[in-house]
Every structure is written in C-alpha cells, then in structure tokens.
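Here the structure is laid out as structure tokens; the discussion comes afterwards.
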Amino acid sequence: MQTVIISNFFIEKIKQKYSPEFIDKIVEEISLNPKTGKLISSSKNLYLYKLGICDKKKHEYNLVYFFENRNTSIYFINIFKDKESDILNKAIFYLASDAMK
C-alpha cells in the first residue's frame, strides 16, 4: 500500500459530492493498485479514475491523480466533471498552485 497525499483543491471540491466512506474506499483501491486509473494521453504520470455519479449534484466526476513509481507517494490533484475538457492543463495548474501554498 502506498501513501496517498490529497490536495487542498481535492478536499474542497469533493465536499458534499461523495461520502467519506466512498473516498476512503477510492484511496485504498488506488493505493493498492496505482495504475488502476487510465493514463491521460500526452502525459507520463497523470491518471484519470472514474468516480461515477456523485451523491448530491447528479453529475459524473473523474479523479485526476499523479503517480510516478512505487517509491513515491500518490497525489490526488482534483476531480473534474466527466465531460470537462482540457483536463491536462487544469491538472497542471492545480499541481502548481498547490505547490506554491
């Protein structure tokens, strides 16, 4: 099992959308198998994991996370609506913004 670091953006956006139990299950699943998500094209280390329809807003969301190798932590960047475009640039923006805090 690998360490999972959760960004402030992820924490803020996930509130009221999914239950803590559901998030714990996702953290455990990805920490056990970091390559369970789909590799985002044009990236080497960013993965997309389908979360499905949320509890309250009735939208489907995807989790974008960073995974390099078994020697590094997994970093949950943020969630995005299923049909949202330009996820790669947005994920990079959130990574950079969180690093500057």
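The values are calculated or read from the model by the stated rules, or taken from the named source; none is laboratory data. This is a predicted model, so every value here is computed, not measured. Cβ atoms come from the backbone with ideal geometry, glycine included; neighbour counts cover every protein chain shown. Protein only, heavy atoms only, side chains kept; ligands, DNA and RNA dropped before computing areas. Shrake-Rupley method; radii C 1.70, N 1.55, O 1.52, S 1.80 Å.
Quick test for you: out of S41, S31, pick the one residue that is loosely packed, with under 13 Cβ neighbours inside 10 Å and either among the small types (G, A, S) or out of contact with any helix residue (DSSP H, G or I) (no Cβ under 7 Å at 6 or more places or on another chain) (or both).
Checking each option against the conditions leaves just S41.
Can you name every residue in segment 42-59 that is under 18 Å from N89 (Cβ atoms), touching a residue at least 12 places away in the same chain (Cβ under 8 Å) and not in a strand (DSSP E or B)?
S42, S43, N45
Quick check on my filter: what residues within segment 60-84 are in a loop (DSSP other than H, G, I, E, B) and either in contact with a Cys (Cβ under 7 Å, 6 or more places away or on another chain) or open to solvent by 80 Å² or more (accessible area, probe 1.4 Å) (or both)?
Quick first cut of segment 60-84, residues in a loop (DSSP other than H, G, I, E, B) only: 67-73, 82-84.
E68, R70, N71, K83 - these are the residues of segment 60-84 that are in a loop (DSSP other than H, G, I, E, B) and either in contact with a Cys (Cβ under 7 Å, 6 or more places away or on another chain) or open to solvent by 80 Å² or more (accessible area, probe 1.4 Å) (or both).
Would you confirm whether any residue within segment 4-21 is surrounded by 12 or more Cβ atoms within 10 Å (Cβ to Cβ), free of Cβ contacts under 8 Å to residues at least 60 places away in the same chain and in a strand (DSSP E or B)?
no
Please enumerate the residues belonging to segment 49-101 that are under 18 Å from T36 (Cα atoms) and of a type in the set (F, W, Y).
Y49, Y61, Y65, F66, F67, Y75, F76, F80, listed by residue number.
When you scan segment 85-98, do you find a residue that is hydrophobic (A, V, I, L, M, F, W, C), open to solvent by 70 Å² or more (accessible area, probe 1.4 Å) and out of contact with any Gly (no Cβ under 9 Å at 6 or more places or on another chain), even just one? Let's see the steps before the verdict.
To start, the set of residues in segment 85-98 that are hydrophobic (A, V, I, L, M, F, W, C) comprises 87-88, 91-93, 95-96.
Among the residues that remain, those that are also open to solvent by 70 Å² or more (accessible area, probe 1.4 Å) are: 92-93.
Of the ones still in play, those that are also out of contact with any Gly (no Cβ under 9 Å at 6 or more places or on another chain) are 92-93.
Taking every residue of segment 85-98 in turn, at least one turns out to be hydrophobic (A, V, I, L, M, F, W, C), open to solvent by 70 Å² or more (accessible area, probe 1.4 Å) and out of contact with any Gly (no Cβ under 9 Å at 6 or more places or on another chain).
Which residues, taken from segment 22-39, are over 14 Å from Y75 (Cβ atoms) and in a loop (DSSP other than H, G, I, E, B)?
Listed by number, the list holds a single entry, N33.
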